[in-house]
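What follows is calculated from the coordinates using simple rules that are stated; it is not laboratory data. Please read these numbers as outputs of a predicted model, since none were measured by experiment. When we count neighbours, we look across all protein chains shown, and the Cβ atoms used for this are built from the backbone with ideal geometry, even at glycine.
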Amino acid sequence: MNRPYHFLVAAAAVVFFTSSFDLFLNINIGPNIRIAQLFALVLVAAALLTHRLGRTLEVPLGGLYLVAWCGVQLAFVPVAEFWQKSLAYCLWLALDIALSFALVNLFAGDKGRLQLLLKLYLVSYVFVAGFGIVQFISPILGGPALLVEQWWLPGSVPRVNGFSYEPSYYATYLIMGLVCLGSLRRSGVAEFRSKAWTFAYLLILLALLICFSRMGVIFALVELSTAPLTRLWKVVKHPGYVLGFRLSGWKMMATAAVLLIAYSAVSGAVGWFLDDPETVEILVSGTGLLGTASHSVDEREDRLHGTLLTIANHPWMGQSLGGITESIAGYNGLKPQNFEEAKIYEGQSVFAEVAAASGIPGSIPFLCFLAVTIVAPLRLAGRSSPRYAAWLRALVLALIFEWAILQLNQNILRLYLWVHIALLATVYAAARRQYTLSGDAEPGDAGYGSPNLLA
């Protein structure tokens, strides 16, 4: 790897490691400028430079649909009175799209660089998870509260938020790393069954659990249930065998005994939990259950209601991604005058946010992008080498989890979502090149011919 590419890999690593930074290494000039965005600009500039040196820019997976959708957002900027935020969000979206172009054109053509990039991506989740665990332990041991935003017990037991605004944002970030690594471990690629990656997986899981975002815990449980459900499906399809072994009488009895012990343990834990009112109150705090405060739930419900009301009132003309806040604030009799005031009224549920920002017709390019980024990689995975197939499936599964959890929190411009999409597009481009060069591609196959075929 020559020196320029050493620098570009380092720049990409900075983007990966800092994509969840909301509270650290940011510049607030109205809009909040993140360090990851500055290094993303470096990568975009490098990709444009390679184009000037005579290389043809390859369009990433879904790229043309995204460009069309960004054009829709730009067209609706004048709709909002506080147009500066709408324009800022368009520029942010354009940078997110440009990041996919940059990673595809800088890294898809070199297998060694791409493999290093993928490992750095996984390690970035381990780094942020490790920081979250230190953040949790430090105040308990009498140390400093490192970027802590919320507490279970004020001053002593924090709710982990990592570098994010709050625990739910932290969980929304970590779930992609957990699902991606979990899928790779289940793929059969020996590297990811190693002790080091097993430890990394458990570290990310622990960090996600101790932040105790309810959404995060639920999605983590879904991820953990994937392997058992897969095995159960094999049993249902072939009841005489379990993982290649015939079910004998003593194995059935042993399995029944384990299930009985597990049931007893869970029943005992639930009983103890329900007999301890203070524990119940701590764990349901913020949900509105059992008379506890419901601030976060109420706030999200209000923002979702405002987002849906914006769609109902403006089904054909979108308000732009930055203009949704103005609409929601207007339903509360307010008119934001700056970025800080507008921030309180962000849209809720990203698919509803897309419809409110774009109008129903204007949402079509985004829906096409959504479909192609899930269907095309899975189709190509069936024709790729085992390693590329494992990565394609892992990145798509993590993306599906992320789209699902984003229906419950935050907005669509979260940087780590678009970093993940850019990496998926890069792996897709690399796997497609390998498939095309192998001579197996046929006209009409995913990966055949023009790079714009599925763009």
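Details
- Gyration tensor verdict on the range 50-153 (Cα atoms; rounded if a/c is under 1.5, prolate if a/b is larger than b/c, oblate otherwise): oblate
- For the range 154-210, alpha-carbon Rg relative to the globular expectation (2.2 N^0.38 Å, N residues): 1.31
- Ordering of 364-377, 57-70 by burial proxy (mean other Cβ atoms within 10 Å per residue, highest first): 57-70, 364-377
- Estimated FRET transfer efficiency (V79, I27; beta-carbon r; R0 25 Å; 0.05): 0.35
- Using 0.36 nm per residue and subtracting the Cα-Cα separation, the extra length available between I364 and L224 on full extension is 47.0 nm.
- Using a simple spin-label model with pseudo-atoms 7 Å out from Cα toward Cβ, F351 and W152 lie 3.4 nm apart.
- Packing, as the average of other Cβ atoms within 10 Å across residues, places the peptides 133-145, 99-111 in the order 99-111, 133-145, highest first.
- Ordering of 185-193, 163-171 by packing [mean C-beta count within 10 Å, highest first]: 163-171, 185-193
- With contacts taken as Cα pairs under 8 Å at a separation of at least 6 residues, the range 10-94 carries a relative contact order of 23 percent.
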